[in-house]
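**Student:** My structure is below; once you've seen it, I'll send some questions.
The values are calculated or read from the model by the stated rules, or taken from the named source; none is laboratory data. Predicted, not measured: the structure shown is a model, and the values here were computed from it. All Cβ positions, glycine included, derive from the backbone under ideal geometry; neighbour counts span all protein chains shown.
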Amino acid sequence: MFAVIKNGGKQYKVAEGDVVRVEKLEGAVGTPVEIGPVLLVSGEQEVRVGQPYVEGARVTGEIVRQGKAPKVTIFKYRRRKGYQKKTGHRQPYTAVKITGIQA
């Protein structure tokens, strides 16, 4: 059984036992969370597709890690003007282990 969930403007295909990196969620390590909304649920026999979301479907998980992604370097430069600017960004994420999918 798997589901397609939406989080932070992105879609993720998840199954029970998967560890997924999603946009930062509030909570400490070990805290149970509900991730949603659910766009699609596929079982053994049937596939339920939401319009836009599947009614009554839930995906639950447990926070495994709060972290930051590798640094992305931003370098701005204007030729012949003596302008250079270097900055960086590390996007925070939450690693969630999927514990259950209810259709």
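**Student:** Just to be sure before I move on: is ARG21 surrounded by 13 or more Cβ atoms within 10 Å (Cβ to Cβ), of a type in the set (Lys, Arg) and in a strand (DSSP E or B) in the structure I sent? So that I can check it myself, show each step before the final result.
**Tutor:** Numbers: surrounded by 13 or more Cβ atoms within 10 Å (Cβ to Cβ): yes; of a type in the set (Lys, Arg): yes; in a strand (DSSP E or B): yes.
Criteria met by ARG21.
**Student:** Are any of the residues in the range 50-57 assigned to a strand (DSSP E or B) and either modelled with pLDDT under 95 or touching a strand residue (DSSP E or B) at 6+ places or on another chain (Cβ under 9 Å) (or both)? Break it down into steps so the answer makes sense when it comes.
**Tutor:** Filtering the range 50-57 for residues assigned to a strand (DSSP E or B) gives none.
Taking every residue of the range 50-57 in turn, none turns out to be assigned to a strand (DSSP E or B) and either modelled with pLDDT under 95 or touching a strand residue (DSSP E or B) at 6+ places or on another chain (Cβ under 9 Å) (or both).
**Student:** So VAL41 passes all but one of these: (1) at negative phi; (2) touching a residue at least 60 places away in the same chain (Cβ under 8 Å); (3) not in a strand (DSSP E or B). Which condition number does it fail?
**Tutor:** Going through the list (1) at negative phi; (2) touching a residue at least 60 places away in the same chain (Cβ under 8 Å); (3) not in a strand (DSSP E or B), VAL41 breaks only (3).
**Student:** Output yes when any residue across the range 26-36 is polar (S, T, N, Q) and modelled with pLDDT under 95, and no when none is.
**Tutor:** In the first step, residues of the range 26-36 are kept if they are polar (S, T, N, Q); the result is 31.
Filter once more, so that each one left must be modelled with pLDDT under 95: none.
So far as the range 26-36 goes, no, none of its residues is polar (S, T, N, Q) and modelled with pLDDT under 95.
**Student:** Still on this model: Please find, within the range 70-96, the residue that is farthest from GLU23 (Cα to Cα) out of those that are within 13 Å of the chain's Cα centre (by Cα) and loosely packed, with under 15 Cβ neighbours inside 10 Å.
**Tutor:** Kept after step one, since they are within 13 Å of the chain's Cα centre (by Cα), are these residues of the range 70-96: 91-96.
Narrowing further to those that are loosely packed, with under 15 Cβ neighbours inside 10 Å: 91-92.
Values: GLN91: 9, PRO92: 7 Å.
Here the answer is GLN91.
**Student:** Moving on. So, of the residues in the range 56-69 that are of a type outside the set (Lys, Arg) and surrounded by 14 or more Cβ atoms within 10 Å (Cβ to Cβ), which turns out to be nearest to LEU40 (Cα to Cα)?
**Tutor:** Taking the range 56-69 first, the residues of a type outside the set (Lys, Arg) are 56-57, 59-64, 66-67, 69.
Okay, now just the ones that are also surrounded by 14 or more Cβ atoms within 10 Å (Cβ to Cβ), so 57, 59-64, 66.
Numbers: ALA57: 9, VAL59: 11, THR60: 15, GLY61: 17, GLU62: 21, ILE63: 22, VAL64: 24, GLN66: 27 Å.
Here the answer is ALA57.
**Student:** Here is a check on your reading of the model: is THR60 modelled with pLDDT of 95 or more, under 15 Å from ALA103 (Cβ atoms), in contact with a strand residue (DSSP E or B) (Cβ under 6 Å, 6 or more places away or on another chain) and not in a loop (DSSP other than H, G, I, E, B)? Full working, then the answer.
**Tutor:** Values: modelled with pLDDT of 95 or more: yes; under 15 Å from ALA103 (Cβ atoms): yes; in contact with a strand residue (DSSP E or B) (Cβ under 6 Å, 6 or more places away or on another chain): yes; not in a loop (DSSP other than H, G, I, E, B): yes.
Yes: the conditions hold for THR60.
**Student:** Pull up the range 17-45, narrow it to residues that are farther than 14 Å from ALA57 by Cα and of a type in the set (D, E, K, R), then point me to the one that is farthest from the chain's Cα centre (by Cα). Break it down stepwise before answering.
**Tutor:** From the range 17-45, those farther than 14 Å from ALA57 by Cα are 17-33, 44-45; that's our starting set.
Checking which are of a type in the set (D, E, K, R) leaves us with 18, 21, 23-24, 26, 44.
Numbers: ASP18: 12, ARG21: 5, GLU23: 5, LYS24: 8, GLU26: 13, GLU44: 25 Å.
My answer is GLU44.
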